[in-house]
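The values are calculated or read from the model by the stated rules, or taken from the named source; none is laboratory data. These figures come from a predicted structure and were not determined experimentally. FYI the Cβ positions are ideal-geometry reconstructions off the backbone, even for glycines, and counts take in every protein chain you see.
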């Protein structure tokens, strides 16, 4: 039997997590998840299942006063848009399964999107008579400050990885064992802008050092060839030399390995980035995604081509690039400031 690759394993895990929610929902909800399976990822369906379960928990406790699985299509047909608006208000602070949660406008917008998709499916398949969820306006989203590293902060980050003098002796000993790997991971983030899930899923055979290229699996499962610099290549080759001494099983092809000699996890990568970034830039909460923001901003500054930035980052819509990389818009505005001349004597 062939060993499942990383993405197959992740898909299976998402499906198992999803079943914990769907088994607590009415049967017609399962029809919805089957119906959208060919057009969504397992992670998207998992998120939908969590959001819809929270909605049904609310309906069970505060609207219909019955078990979630007993809520019928007739019950959903009786809902007014006001009930969904009340649910969005409830999401500010709520309790479910004994745990307390809170949502800002972004969290509310995501849950509303899940509910809209669910009601749209039921309505389109003649399972309910009206789609009340379509009448609800999406909460206004406020633009957050784009956090990224400046040039001097990037240099401090790399210096911290090489010489973590502020670590305890025990941490420094640990760092000696993982230096080549950690340096390669953060260099690859800063040099290519890939997502953390894309990095974790990389295999040794994903890389071609003759062309300084690698094959990355994007969101949605599409594969793309990206290229890296000589600086990134050096960090990767140094790590591969170290990796070759670890005595790994023949069938372990993951590019980045944990100390347990298995594929490194998303959580472990998040923790190692946080560990070094707290020293290099203590006032900023730096995550792998912030390293991606740093790359995106730097790439635009070098190319002045937002379409190249969008393509390399894997954004399907260039407006997503503009939205997430505010510095790009700022630089574009600054670059055209001197293009309009009022008085020709100001020409240089």
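Considering segment 288-333, and only residues there that are crowded, with 17+ Cβ neighbours inside 10 Å and outside any helix (DSSP H, G or I), the residue that is modelled with the lowest pLDDT turns out to be 325. Checked against (1) surrounded by fewer than 12 Cβ atoms within 10 Å (Cβ to Cβ); (2) modelled with pLDDT under 95; (3) in a loop (DSSP other than H, G, I, E, B), residue 148 meets all criteria but (1).
Screening 66, 106 for residues that are outside any helix (DSSP H, G or I) and surrounded by fewer than 17 Cβ atoms within 10 Å (Cβ to Cβ) leaves exactly one candidate, 66.
How many of the residues in segment 69-95 are closer than 20 Å to residue 139 by Cβ and either outside the structural domain of residue 25 (by TED's automatic domain parsing) or outside any loop (DSSP other than H, G, I, E, B) (or both)? First the steps, then the outcome.
Step one: of segment 69-95, the residues closer than 20 Å to residue 139 by Cβ are 79-94.
Now narrow it down to the ones that are either outside the structural domain of residue 25 (by TED's automatic domain parsing) or outside any loop (DSSP other than H, G, I, E, B) (or both): 81-90, 93-94.
Adding up the residues that qualify gives 12.
Counting the residues of segment 1-56 that are more than 17 Å from residue 133 (Cβ to Cβ) and assigned to a loop (DSSP other than H, G, I, E, B) gives 9.
With the structure loaded, tell me whether residue 297 is under 15 Å from residue 192 (Cα atoms) and touching a helix residue (DSSP H, G or I) at 6+ places or on another chain (Cβ under 8 Å) or whether it fails that test.
Numbers: under 15 Å from residue 192 (Cα atoms): yes; touching a helix residue (DSSP H, G or I) at 6+ places or on another chain (Cβ under 8 Å): yes.
So residue 297 passes the test.
Residue 164 falls short on exactly one of the conditions (1) assigned to a helix (DSSP H, G or I); (2) surrounded by 15 or more Cβ atoms within 10 Å (Cβ to Cβ); (3) over 27 Å from the mean Cα position of the chain (by Cα); (4) outside the structural domain of residue 55 (by TED's automatic domain parsing), and that condition is (1).
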